[in-house]
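**Student:** One structure, pasted below without further comment.
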Amino acid sequence: MSSSPTVPAPSPDALRARYDRATAGLEPPLAIVDLDALEANARDLVARAAGRPIRVASKSVRCRAILDDVLARDGFAGVMAFTLPEALWLAGAGHDDVLVAYPTADRHALAALAADPVAAQRVTIMVDDVAQLGLLPVDGAHPIRVALDLDASWRPLGGRVHLGVRRSPVHDAGAATALARAVVAHPGARLVGLMSYEAQIAGVGDAPPSRLAAAAIQLMQRGSARELARRRAAVVAAVRAVAPLEFVNGGGTGSLERTARETAVTELAAGSGLYAPTLFDTYAGWVGRPAALFALPVVRRPAPGIATVLGGGYHASGAAGADRLPTPVLPAGLRLDGREGAGEVQTPLLGAVADRLAVGDRVWFRHTKAGELCERFDTLHLVRGDVVERSVPTYRGEGRTFA
């Protein structure tokens, strides 16, 4: 992997002082995006992509202003959306290349897509099953652009082991060819692309604290990457024999360099690397700058060594565990109480540094996953230096949740 941004990050004390100064006129709870960090992360993603365009995963951003700013930068092109209603909204706002990364069963949204000549040119939906094709309008005014989702999981030992997320049932060239033919035969569809997301590589840090675990993860990722490169190339060739493809999307924040080396892949995807949440702290060769943080006010001092902040139960999705909880980072030296964790109404924080906090002080946290923080806040305050440059609405702030 490439090196992290070259400008050294400020110390925790300096960072906390800067964020406190920038937001002094605002009342917490509040969320910020550090523009210097975000822009450093964006530059690093582009460098790691080695010339391949990066499609921005909007679910990892969930703020139109930031999405627009990133897409205006060289090296980024197109949006990878979460749902079809989101894609229609973004297309209506002017985004002209929106790929829906997950299959949809929303018949109303599909009908709206087929009836809208502008959206029909700008939005591409995802399929991995002929049953999904059965939901497409057959008499729509405009054919719907369709991409195939290739399962990128690794299934060694004859399939007795499954490494990766359980995503698409389309795992090999034969299955992809059959589905491609079904798309081409459908009167309301037009096959234009293919994607595959290697979660076991892109979304799993290869440098956890345990050296044994790190060695095992790195071995797994090397083996999976070799297998996927061969299989993805074969699938792309087979599908191209059925219909021309405008794009082949692959990769993610944690695997940009590896995927960029595959000649079958024409574009990459990334989003979490812009905010650099704690889920991406354990990568051996890539270290992002934490760009998205939230502040909670200290409201209680129940005992020595404890400072309690308001709220904080901003758990991330995924299998329940301590790694899904937000992390107090500023001031450094605080930790969650293992018995209470991060609570709906309050979060006690432990550590000697708690005795230096007074009621009304702020504690800054990082979220485990990138865009999910925006489901808790309707505004992101964009900080540059020690001032808020502007404040912009999140999806939630615009009344959009796309749940």
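**Student:** Please work out which residue is most open to solvent (accessible area, probe 1.4 Å), limiting yourself to the stretch 165-210 and to residues that are hydroxyl-bearing (S, T, Y) and more than 26 Å from A284 (Cβ to Cβ).
**Tutor:** T177
**Student:** Of all the helices (runs of 4 or more DSSP H) wholly in the stretch 118-213, which have at least 3 residues that are not aliphatic (A, V, I, L, M)?
**Tutor:** 173-185
**Student:** Considering only the stretch 373-403, how many residues are of a type outside the set (F, W, Y), surrounded by fewer than 19 Cβ atoms within 10 Å (Cβ to Cβ) and outside any strand (DSSP E or B)?
**Tutor:** 12
**Student:** Please work out which one of (1) surrounded by fewer than 18 Cβ atoms within 10 Å (Cβ to Cβ); (2) of a type in the set (A, V, I, L, M, F, W, C); (3) free of Cβ contacts under 8 Å to residues at least 40 places away in the same chain is the condition A77 fails and give its number.
**Tutor:** Evaluating A77 over (1) surrounded by fewer than 18 Cβ atoms within 10 Å (Cβ to Cβ); (2) of a type in the set (A, V, I, L, M, F, W, C); (3) free of Cβ contacts under 8 Å to residues at least 40 places away in the same chain leaves (3) as the failure.
**Student:** Keeping to the stretch 47-78, report how many residues are closer than 21 Å to R258 by Cα and either of a type in the set (V, I, T) or part of a loop (DSSP other than H, G, I, E, B) (or both).
**Tutor:** The qualifying residues number 8.
**Student:** In this structure, is R122 crowded, with 18+ Cβ neighbours inside 10 Å and among the basic types (K, R)?
**Tutor:** Yes.
**Student:** Taking the options E262, E246, name whichever one is buried (at least 17 other Cβ atoms within 10 Å of the Cβ) and of a type in the set (D, E).
**Tutor:** E262
**Student:** Tell me whether the stretch 231-241 contains one or more residues that are open to solvent by 40 Å² or more (accessible area, probe 1.4 Å) and not hydrophobic (A, V, I, L, M, F, W, C).
**Tutor:** There is at least one residue in the stretch 231-241 that is open to solvent by 40 Å² or more (accessible area, probe 1.4 Å) and not hydrophobic (A, V, I, L, M, F, W, C).
**Student:** To continue, here is another question. Tell me, please, whether a residue that is over 19 Å from the mean Cα position of the chain (by Cα), in contact (Cβ under 8 Å) with a residue 40 or more places away in the chain and open to solvent by 50 Å² or more (accessible area, probe 1.4 Å) can be found in the stretch 86-96.
**Tutor:** no
**Student:** Taking the stretch 344-359, which residues are closer than 19 Å to G313 by Cα and either open to solvent by 50 Å² or more (accessible area, probe 1.4 Å) or at pLDDT below 95 (or both)?
**Tutor:** E344, V345, Q346
**Student:** Here's a follow-up. So E257 ticks every box in (1) in contact (Cβ under 8 Å) with a residue 60 or more places away in the chain; (2) surrounded by fewer than 18 Cβ atoms within 10 Å (Cβ to Cβ); (3) in contact with a strand residue (DSSP E or B) (Cβ under 6 Å, 6 or more places away or on another chain); (4) of a type in the set (D, E) but one. Which box is left unticked?
**Tutor:** For E257, the failing item is (3).
The values are calculated or read from the model by the stated rules, or taken from the named source; none is laboratory data. Just so it is clear, the structure is predicted and the values come from calculations on it, not from any experiment. No Cβ is skipped: glycine too gets one built from the backbone with ideal geometry, and neighbour counts run over all protein chains shown. Note: accessible area is taken over every heavy atom of the protein model, side chains too, but ligands, DNA and RNA are not part of it. Shrake-Rupley method; radii C 1.70, N 1.55, O 1.52, S 1.80 Å.
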